[in-house]
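Structure record follows, encoded as structure tokens.
The values are calculated or read from the model by the stated rules, or taken from the named source; none is laboratory data. Everything numeric here is computed off the predicted structure, so don't read it as measured data. Please note: Cβ atoms are built from the backbone with ideal geometry, for glycine as well, and neighbour counts cover all protein chains shown.
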Amino acid sequence: MFPIMVNSEYPLFSIFISVKNACFIILSIVLFCGFNAAAQEEFVQEPAKFLTRFPFVQLNGGIVVLKAKVDNCVDSLNFVLDTGSGGISLDSTTVAELGLPISKSNRTIRGIAGLKLVDFAFDHTLHLKGLDVTHLDFHINDYELLSSVYGVRIDGVIGYSFLRRYIVKVSYDEMMIEVYSPGLFKYPRGGYMIHPDFSNLPMYGATLNDGRAVSNKFIFDTGAGLCFLLSKDFVEDSAIIKKGRSIFTTQAEGLGGKKVMSLTVVKEVKIGPYKFKQVPVHIFDDEFNVTSYPILGGIIGNDILRRFNLILNYPFQQIFIKPNSHSFENFDYAYTGLGIYQIDSEIKVIDIVPGSPGDIAGFKSGDVIFSIENNYSKNIQAYKNLFQNSIGKVKVVILRNKEPIILTMVVKDIRKK
């Protein structure tokens, strides 16, 4: 609310006034005072109210997984918090286990690897710690691949259908989420307020600088476990990638399955006033027009976004970002060319890029990883972290036809030729 400024240079009326003008002056004073009184009236929205607070865990790439229950289910389920989801969803196996009624639909969702018709489970309640979110329509998807990628069962994805109702604070420092009712919210000092374009996904501008500086809008996607995913059309039309950059073949997993991509780095990325150097970027052929190029250039993923504490204020179409303790952590520059998955409690090599370090080292599809650098944990998160932080020679013990074999792989640095 702005202060009222009173100009005292001129008196409101003179001592020497005539009877003829007295009524006019008095009326003017009344109107003047009445106008100011009206100008000071303002409908003030109620302050946002704290509703609940609960922890989350992070998976590779910064993916946020939280616990929640559906309806009267006694078991907690694992949900990914995903600003890149236009609704809210449940895994098909989870729906079957819960015995939820399914309604057919002709609605289609699209992702980086395909289009898919989806069924729905209508009018259900999501129970978070201290908060019940009612009348939710879950679309049904198959998250078996994601579960094997992360080694954690993924039961669903929480997106726009939830986020549009609340103010959601995500602290990667404390690994905690706080939820508030819509209303006037007091943001912390420091940080930066961005005002994304909203449909049901937030879209915000960023500048990438490598061969040259290029700006575009990108989907703000906490559900993407990478830094940037750029459409091939955007990269080629903008000539953003500096000539001579090393380009590596890799793949990522998304809606519809696996997708072959290219992997490289860009010299600098700027989001608001914040800059990051030597940022890994994935480049994909957007055949299903997820990015609606040239409207969007791609996706900002959570390996960038986790470096900020976030306040997601969808009701006011605001997102507040503040650098946190992860801001200066190294990016993942390691390249193995291996796709590893948890299958039946074993960590298996399934995909091998021809000519990659994994291929040269002698890995074969179906190899079971027994240990990496003397780590025998059988934990896919730990194994992926070891690969990501072990540029150079890495000793891996695999089981092939139940026989142990020692392989030495030279992990490449994507910043170098």
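Considering only residues that are of a type in the set (Phe, Trp, Tyr) and over 17 Å from the mean Cα position of the chain (by Cα), look in the range 167-191 and name the one that is surrounded by the fewest Cβ atoms within 10 Å (Cβ to Cβ). Filtering first and then ranking leaves Tyr187.
Per-residue answers, yes or no, for (1) in contact with an Asp or Glu (Cβ under 8 Å, 6 or more places away or on another chain); (2) surrounded by fewer than 22 Cβ atoms within 10 Å (Cβ to Cβ); (3) not aromatic (Phe, Trp, Tyr):
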| site | (1), (2), (3) |
| --- | --- |
| Asn216 | no, yes, yes |
| Cys227 | yes, no, yes |
| Ile247 | no, yes, yes |
| Glu253 | no, yes, yes |
| Val266 | yes, no, yes |
| Glu287 | no, yes, yes |
| Ile319 | no, no, yes |
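Just so you know, in the range 334-372 the residues that are over 30 Å from the mean Cα position of the chain (by Cα), assigned to a loop (DSSP other than H, G, I, E, B) and not aromatic (Phe, Trp, Tyr) include one that is surrounded by the most Cβ atoms within 10 Å (Cβ to Cβ), and it is Asp367.
Among the residues making up the range 185-237, those that are small (Gly, Ala, Ser) and in a loop (DSSP other than H, G, I, E, B) are Gly190, Gly191, Ser199, Gly211, Gly223, Ala224, Gly225. The single residue among Leu131, Leu117, Leu146 that is within 25 Å of Ser292 (Cβ to Cβ), among the aliphatic types (A, V, I, L, M) and surrounded by fewer than 18 Cβ atoms within 10 Å (Cβ to Cβ) turns out to be Leu117.
Scanning the range 199-214 for residues that are surrounded by 15 or more Cβ atoms within 10 Å (Cβ to Cβ), over 20 Å from Leu255 (Cβ atoms) and not small (Gly, Ala, Ser) gives Tyr204, Leu208, Asn209, Asp210, Val214. Each residue in the range 126-182 was checked for being aromatic (Phe, Trp, Tyr) and assigned to a loop (DSSP other than H, G, I, E, B), and 3 pass.
If the condition is being under 18 Å from Val266 (Cβ atoms) and of a type outside the set (A, V, I, L, M, F, W, C), then the range 192-227 contributes Tyr204, Gly205, Thr207, Asn209, Asp210, Gly211, Arg212, Ser215, Asn216, Lys217, Asp221. Kindly establish whether Gly99 is in contact (Cβ under 8 Å) with a residue 60 or more places away in the chain and either surrounded by fewer than 20 Cβ atoms within 10 Å (Cβ to Cβ) or under 20 Å from the mean Cα position of the chain (by Cα) (or both). Considered against the rule, which asks whether it is in contact (Cβ under 8 Å) with a residue 60 or more places away in the chain and either surrounded by fewer than 20 Cβ atoms within 10 Å (Cβ to Cβ) or under 20 Å from the mean Cα position of the chain (by Cα) (or both), Gly99 comes out as no.
This table checks each residue for (1) more than 16 Å from Tyr335 (Cα to Cα); (2) of a type in the set (Asp, Glu); (3) at pLDDT 95 or above.
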{"residue": "Ile241", "(1), (2), (3)": "yes, no, yes"}
{"residue": "Gly244", "(1), (2), (3)": "yes, no, no"}
{"residue": "Gln251", "(1), (2), (3)": "no, no, no"}
{"residue": "Leu255", "(1), (2), (3)": "yes, no, no"}
{"residue": "Ser262", "(1), (2), (3)": "no, no, yes"}
{"residue": "Tyr274", "(1), (2), (3)": "yes, no, yes"}
{"residue": "Lys277", "(1), (2), (3)": "yes, no, yes"}
{"residue": "Asn289", "(1), (2), (3)": "yes, no, no"}
{"residue": "Ile295", "(1), (2), (3)": "yes, no, no"}
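The single condition among (1) surrounded by 15 or more Cβ atoms within 10 Å (Cβ to Cβ); (2) part of a strand (DSSP E or B); (3) not acidic (Asp, Glu) that Ile304 does not satisfy is (2).
Would you check if Leu229 is closer than 30 Å to Glu329 by Cα and at pLDDT below 95? The answer is no for Leu229.
Just the residues that are in contact with a strand residue (DSSP E or B) (Cβ under 7 Å, 6 or more places away or on another chain) and outside any strand (DSSP E or B), please, taken from the range 259-294.
At the first step, the residues of the range 259-294 found to be in contact with a strand residue (DSSP E or B) (Cβ under 7 Å, 6 or more places away or on another chain) are 259-284, 286, 288, 290-291, 293.
Matches in the range 259-294: Gly272, Pro273, Asp286, Phe288, Val290, Thr291, Tyr293.
When Leu117, Leu136, Leu146 are checked against the criterion of being of a type in the set (A, V, I, L, M, F, W, C), at pLDDT below 95, out of contact with any Gly (no Cβ under 8 Å at 6 or more places or on another chain) and more than 30 Å from Asn379 (Cβ to Cβ), a single residue qualifies: Leu117.
Being closer than 30 Å to Gln388 by Cβ and not aromatic (Phe, Trp, Tyr) is true for just one of Asp119, Asp71, Asp91. Which residue is that? Let's see the steps before the verdict.
Values: Asp119 fails: closer than 30 Å to Gln388 by Cβ; Asp71 fails: closer than 30 Å to Gln388 by Cβ.
The conditions single out Asp91.
Every test in (1) within 26 Å of Ile154 (Cα to Cα); (2) among the small types (Gly, Ala, Ser); (3) within 18 Å of the chain's Cα centre (by Cα) is passed by Ser231 save one, and that test is (1). Do the conditions hold for Glu329, that is, is it free of Cβ contacts under 8 Å to residues at least 24 places away in the same chain, of a type in the set (D, E, K, R), surrounded by fewer than 20 Cβ atoms within 10 Å (Cβ to Cβ) and over 21 Å from Gly159 (Cα atoms)? Taking the combined requirement at face value, the residue satisfies it.
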